[in-house]
Amino acid sequence: MYKIRLGLQSEFTAAAWLSKNNYTVYWKTQDNDPIDLVAVHRVTGKAIKIDVKTASYRKTWKPGTMISRKESKYQKQLGVKILYVLKDGECKWKK
């Protein structure tokens, strides 16, 4: 239950961050969807398909470094981008 709540909290944080950065945010309609959010820039109209991830940090090998997540094969086909939500509430795109 904790992971579900943390994931939802990260999605809300990401949506707020995107809104502050001039995006209109659209929410997923199903669980286990490969896309969590779709954000459309209010000026350019550019749409971004987003998978929101809560940032996790290593405890042993290279302690304190962020664990990078990979898009699934299907997400790559769809052009989904990963957006990390950090501990401090900031967001960072996967490079």
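The values are calculated or read from the model by the stated rules, or taken from the named source; none is laboratory data. If you're wondering where the values come from, they're calculated on a predicted model, not measured in any experiment. Virtual Cβ from ideal backbone geometry, glycine too; neighbours counted across all protein chains shown. Ligands, DNA and RNA are excluded from the accessible area calculation, which covers all protein heavy atoms including side chains. Shrake-Rupley method; radii C 1.70, N 1.55, O 1.52, S 1.80 Å.
Apolar share of the accessible surface for the chain: 54 percent from carbon plus sulfur atoms, 1.4 Å probe. Under 1.5 on a/c is rounded, so check that first for the stretch 1-60, then, if it is not, pick prolate when a/b is larger than b/c and oblate when it is not; a ≥ b ≥ c are the square roots of the alpha carbon gyration tensor eigenvalues. Note, shape of the stretch 1-60 comes out prolate. Counting helices only, and only those DSSP H runs with n ≥ 4, report the 222 nm mean residue ellipticity of the chain as the sum of -39,500 (n - 2.57) divided by its residues, in deg cm²/dmol to the nearest 500. The helix contribution divided over the chain gives -8500 deg cm²/dmol. Based on Cβ point charges of +1 for Lys and Arg and -1 for Asp and Glu, what charge dipole magnitude is obtained for the chain about its Cα centre, in debye rounded to the nearest 20? The dipole magnitude comes to about 460 debye. Taking Cβ atoms as reference points and 15 Å as the exclusive limit, the residues near Lys87 contribute a net charge of +2, counting Lys and Arg as +1 and Asp and Glu as -1. May I ask which of Lys20/Lys94; Lys3/Lys46; Lys20/Lys62 have a Cα-Cα span longer than 28 Å here? Exceeds cut-off: Lys3/Lys46; Lys20/Lys62. For Thr13, the solvent-accessible surface computed with a 1.4 Å probe is close to 40 Å², ligands and nucleic acids excluded.
Between Lys92 and Ile4, the simple spin-label model (points 7 angstrom out along Cα→Cβ) gives 3.0 nm.
Sorting check: for 45-55, 83-93, which peptide has the highest mean count of neighbouring beta carbons within 10 Å, and how do the rest follow? Display every interim value, and only then the final one.
Working: 45-55: 16.9, 83-93: 14.5.
Descending packing order for the listed peptides: 45-55, 83-93.
Taking the Cα-to-Cβ direction at Met66 and at Val38 and moving 7 Å from each Cα, how far apart do the two end points lie in nm? Between Met66 and Val38, the simple spin-label model gives 2.6 nm. Enter the accessible area per residue of the chain (Å², integer; probe 1.4 Å; all protein chains in place). Accessible surface, normalised per residue, equals 73 Å².
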